[in-house]
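Only one structure is covered here, and it is reproduced in the block below.
The values are calculated or read from the model by the stated rules, or taken from the named source; none is laboratory data. The structure presented is a predicted model; accordingly, all values stated were derived computationally and were not measured. Cβ: placed from backbone, ideal geometry, glycine included. Neighbour counts: every protein chain shown. For accessibility, only protein heavy atoms count, side chains too; no ligands or nucleic acids. Shrake-Rupley method; radii C 1.70, N 1.55, O 1.52, S 1.80 Å.
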Amino acid sequence: MSDDTWLLAAAGAHLKGAVGTARAAGGRVTVLAVGPRELADAAAAAAPDEVRWLETADDQPAEAWAAALAAEVATAAPHVVLAPSDPASRTLLAAAAVPLGAALLTRVLAVRPQDGALVVDRSSLGGAVVETLTVHGPLAAVLEDADDAPPAAAPATVAPLAPAGTPVPMQVKREPLPGAAAGIRDAARVVSVGRGLRSKDDLALLDGLLAALGAELACSMPVADDLGWVPKERYVGRSGQHIAPRLYLALGISGMPQHLEGVRDAKVVAAVNSDPAAPIFRTADYGVVGDLYEVVPALVAALAE
Ligand SMILES: Cc1cc2nc3c(=O)[nH]c(=O)nc-3n(C[C@H](O)[C@H](O)[C@H](O)COP(=O)(O)OP(=O)(O)OC[C@H]3O[C@@H](n4cnc5c(N)ncnc54)[C@H](O)[C@@H]3O)c2cc1C
């Protein structure tokens, strides 16, 4: 096992501060960029020690190379392998973790060597808590998105990589996002409803508000998943959509961390909840303690003025 760190990045990866995080993990930093040349160049600009680049074809995406690349990583035997949190990079990381026998952690913010072990800061409870773990032995970590870090040095050169293995044959099918998901992802204003709504028919109560605000409808997970009142593509949160509207108005939503994760990038969060102790009020920029069945018509009337 070397003291080096590898960063595995597939097309679509947001590298952001990933190279800086890799640098702090210790040793020589190698980025394995799997995708278009622009990805390799973006990695090189962040000044790792080395960029190895594998160009992929349409019918051979990064995932097809996961096993072959895992063998390359195993040969180098770095003590830390990192990946940004996009699905393809995570697939590369999981494959690489197996031959290394590495501990696999997600939502990692920082890694630093200390007294022969690795100290890992990791985001927990929907970002409310940072937990610090000590890992003995190799580590494979999915990074939480980081802020841009200024490059520390001159860009690295990019060397093409020819793995010894071959890609696994794959059938690739591309489909646009379902219309509903695309709608809430692009919307500037989103009105979202939770279990505070009593029945599916009561969704009609929101029509006037949606129209007045020019907003898209979203919901909490149970409203889509358990109750089936709103299409599943419209629920927001850890396992649902991650959205960044200018306004997110939560109606009858308690504000559990798993839900709030999906609106972390919203500019303004406003909430209506009948329970003054609802957790959503700890996050919301604006809050109304009240019954949504009274507050929504009042809001529509106020907007009409
Ligand atoms: C692994 C995992 C992943 C998850 N992922 C997600 C996810 O992606 N998205 C998600 O949403 N959840 C997710 N959850 C579920 C999450 O933990 C919560 O259970 C869920 O978000 C609660 O939904 P809710 O706020 O609509 O319902 P509740 O928690 O039941 O809250 C309803 C709220 O409505 C209020 N209310 C009731 N009546 C009224 C009224 N008349 N007027 C105003 N307010 C009223 C109540 O005070 C209460 O605060 C996940 C859970 C797990 C374990």
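Look at the stretch 153-181: where a residue is within 30 Å of residue 218 (Cα to Cα) and a partner is part of a strand (DSSP E or B) and open to solvent by less than 70 Å² (accessible area, probe 1.4 Å), sitting 6+ places away or on another chain with Cβ atoms under 7 Å, you get 181/241.
Whenever a residue of the stretch 222-239 is open to solvent by 70 Å² or more (accessible area, probe 1.4 Å), its partners that are near the ligand (Cβ under 6 Å from one of its atoms) and part of a helix (DSSP H, G or I), lying with C-beta atoms within less than 6 angstrom and at least six residues away or across chains, give the pairs 238/258. Taking strands (runs of 3 or more DSSP E) as the structural unit, those lying wholly within the stretch 84-147 and holding at least 3 residues that are surrounded by fewer than 21 Cβ atoms within 10 Å (Cβ to Cβ) and assigned by TED's automatic domain parsing to the domain that holds residue 70 correspond to 103-114, 117-124, 129-135.
The set of residues in the stretch 195-216 that are in contact with a helix residue (DSSP H, G or I) (Cβ under 6 Å, 6 or more places away or on another chain) and closer than 17 Å to residue 247 by Cβ comprises 208, 209, 212, 216. For the stretch 69-83, indicate whether the set of residues that are within 25 Å of residue 121 (Cα to Cα), polar (S, T, N, Q), open to solvent by 10 Å² or more (accessible area, probe 1.4 Å) and not in a strand (DSSP E or B) is non-empty. Looking for residues that are within 25 Å of residue 121 (Cα to Cα), polar (S, T, N, Q), open to solvent by 10 Å² or more (accessible area, probe 1.4 Å) and not in a strand (DSSP E or B), one finds none in the stretch 69-83, hence no. For the stretch 196-210, filtering for residues that are among the acidic types (Asp, Glu) and either more than 15 Å from the ligand (Cβ to nearest atom) or touching a strand residue (DSSP E or B) at 6+ places or on another chain (Cβ under 6 Å) (or both) leaves 1. For residue 168, the stated conditions hold: it is under 30 Å from residue 76 (Cβ atoms) and surrounded by 12 or more Cβ atoms within 10 Å (Cβ to Cβ). Report whether or not residue 174 is within 23 Å of the chain's Cα centre (by Cα), in a loop (DSSP other than H, G, I, E, B) and either assigned by TED's automatic domain parsing to the domain that holds residue 244 or away from the ligand (no atom under 14 Å from the Cβ) (or both). The answer is yes for residue 174.
Screening 257, 245, 276 for residues that are closer than 21 Å to residue 296 by Cα and either modelled with pLDDT under 95 or buried (at least 18 other Cβ atoms within 10 Å of the Cβ) (or both) leaves exactly one candidate, 245. The residues of the stretch 190-210 that are out of contact with any Asp or Glu (no Cβ under 9 Å at 6 or more places or on another chain), without any contact (Cβ under 8 Å) to a residue 60 or more places away in the chain and in a helix (DSSP H, G or I), listed by number, are 200, 201, 203, 204, 207.
The residues listed here are 86, 58; of these, the one that is modelled with pLDDT under 95 and more than 18 Å from the chain's Cα centre (by Cα) is 58.
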